Amino acid sequence: MAEPAEPNRRLPEGTIVDGRYQVLGPLARSGAAEVFRAQDRNLRRDVAMKLFCPSGSGSPRDRAEREAQLLARLNNPGVPAIYDVGAHDGLPYLVMQLVPGRPLPQLLAAEPIDGATIAMLGARVAGVLAHVHSRQVVHGDLRAANVVVGAAGAAWLLGFGKARLYDGAGGSEFAADVGTLGLLLSGCLEDQAIPGGAVRPLQRVLRDLTRPNPASRPDAGRCARLLVEAAARCSARDRRASRPVAPTGEKLARP
C-alpha cells in the first residue's frame, strides 16, 4: 500500500471530516491514495482513513467504490474491517479498522528474525490469503509494505487498492498471489542473511510456492499448512544447533 508517510496538505492534522472524523496525522501514502490516522468522534475510537487521490489510474470514485465493495466481501481477523465511506472536498474516502502493529519492512529492519518466525508469519499471511481467495478476491499487490505484524506474531494483510474479483480463468490469478507470497518470504530470508542449513525446510516450501508453472503451486490454504510444518522443522534444527558440543573424546552427561 504505502511508503512511509510524509507531511501533506490534503488533510492537515486537526481537520474534521463530515463533522465526525478528526485527522490525527498521516500514516502512509502512495500515488493513488493517502492514509491517515483519525478519531471517530461519535464512537470515540481511532480509525484509518484512506483518501483517494486523482493521480491514480481510473477515477478516484470508481477505485474507492471497487475497494469498498471488495473489502465488504471479506470477514477475517487478518483483513481490516471497513466502517464507512464518504467524500471530502470532492475526493472519496474509506474509513477502516486501524490495525495495531508495524509494517513488515520496519520489523525486519529493527530486529533479527529466525527462519521459524518467518515461516510462521508466512503461514498467517497465507491463512488470510486463503480466506480472501475463498471469497473470490485476488489481492494483486502482496508485498512487504502491505503486511502489518502485531503482538505475538499476528499478521494483517492490507493494500487492497489493486484487488479484483476472480475472473474464473483457471485459478492463475490466485496462483500469482501465492507466487508473490513465496517471493516476499524469500526476500525476508535474504534480508536476514540466515544460513541455508537452518532454513532448508522453509526453502523447500518456497520453491513450491514459486514454481514456474502456476498450476503446480499449492493453493493458499495448503501454503499455510506447509509453512506451519516448515516452521516446526526450522525450530527443531535451531534446537539441535544450540545444544552444547562436548570436547573431543568426551561425552556429554545425559540428564
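Structure above, values below:
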{"item": "Residue within the stretch 57-78 that is within 30 Å of residue 193 (Cα to Cα), touching a residue at least 40 places away in the same chain (Cβ under 8 Å) and not basic (Lys, Arg) present", "result": "yes"}
{"item": "Selection from the stretch 118-146 of residues that are among the β-branched types (Val, Ile, Thr) and in contact with a Gly (Cβ under 7 Å, 6 or more places away or on another chain)", "result": "128"}
{"item": "Among the candidates 193, 220, 231, residue that is assigned by TED's automatic domain parsing to the domain that holds residue 176 and without any contact (Cβ under 8 Å) to a residue 12 or more places away in the chain", "result": "193"}
{"item": "Answer from 122, 115, 150, 127 - the residue that is small (Gly, Ala, Ser) and either closer than 30 Å to residue 41 by Cβ or surrounded by fewer than 19 Cβ atoms within 10 Å (Cβ to Cβ) (or both)", "result": "150"}
{"item": "Condition met for residue 192 (more than 12 Å from the chain's Cα centre (by Cα) and at pLDDT 95 or above)", "result": "no"}
{"item": "Criterion violated by residue 228 - all others in (1) within 17 Å of residue 189 (Cα to Cα); (2) of a type in the set (Val, Ile, Thr); (3) modelled with pLDDT under 75 satisfied", "result": "(3)"}
{"item": "Criterion: surrounded by 17 or more Cβ atoms within 10 Å (Cβ to Cβ), at pLDDT below 95, closer than 21 Å to residue 90 by Cα and not hydroxyl-bearing (Ser, Thr, Tyr) - qualifying residue of 64, 68, 32", "result": "32"}
{"item": "Selection within the stretch 99-138 - assigned to a loop (DSSP other than H, G, I, E, B) and in contact (Cβ under 8 Å) with a residue 24 or more places away in the chain", "result": "99, 100, 101, 112, 113, 114, 135, 136"}
{"item": "Residue under evaluation residue 70, criteria (1) touching a Pro at 6+ places or on another chain (Cβ under 9 Å); (2) under 21 Å from residue 128 (Cα atoms), criterion not met", "result": "(1)"}
{"item": "Answer from 81, 87, 110 - the residue that is more than 25 Å from residue 144 (Cα to Cα) and hydrophobic (A, V, I, L, M, F, W, C)", "result": "87"}
{"item": "The listed residue being closer than 23 Å to residue 147 by Cβ, touching a Leu at 6+ places or on another chain (Cβ under 9 Å) and of a type in the set (D, E, K, R), out of 45, 73", "result": "73"}
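The values are calculated or read from the model by the stated rules, or taken from the named source; none is laboratory data. Here the structure is a predicted model, which is why all the values come from computation and not from measurement. Virtual Cβ from ideal backbone geometry, glycine too; neighbours counted across all protein chains shown.
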